[in-house]
Amino acid sequence: MLWKEPTPHPGASRWTPTGIWPDERQLAMVREHLESERPLLVLLDEARSRVPMLREEWQAAPCRLLKDLTGTSSEDFVDDEVVELQLPFLDWLPPTHRDRAARFLADSDAALSRTPVALLPALMTEETHDELPPSPRFARRLLPTALTADRLVAAVEHLFADGPQQCAAGSHTGEGGR
């Protein structure tokens, strides 16, 4: 989800949902990276989770966002204190990459079910082979607190050591992920 930071005046204390990542600018950047075969690491930490949102946040969301996510409007959730949304699964990726991501999630779930937590790596990455394009690559942060921004950057540089610059598609000023 993309969120707008509250304005600094009294009474505006809530973050407001504004859309789903990626926005149009970020989507263009991702597509450019994919088309030019530049490195893109997709973290699937929350790929299947639901996004909880307070009723007030949900009601403040743009109508387009409400209809995109549920096919309905905010009035349908008027009795619920917390609304949970299921975001589309990587709908911004071409279907072949989306299918690979789903296979990686299934394979990593199976591996995780056989591995004691103490033996898990901080980052589980998709195995590469000759039939796969070098980008995008998929990964799961298993120990998020162990991966500071610097450590994650180092991991990306290592994973794409033979390729050009990585994609840095992040949110722009005034918006943040939650």
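Points to keep in mind about this one:
- The overall shape of the range 75-126 is oblate: from the C-alpha gyration tensor, with semi-axes ordered a ≥ b ≥ c, the ratio a/c is 1.5 or greater and a/b is no larger than b/c.
- For R137, the residues whose amide H sits under 5 Å from its own are L40, L41, V42, ignoring neighbours fewer than 5 places away on the same chain, with H placed 1.01 Å from N.
Read-outs throughout are calculated quantities, based only on the coordinates presented, and are distinct from any laboratory measurement. Since this is a predicted model, take the numbers as computed values, not measurements.
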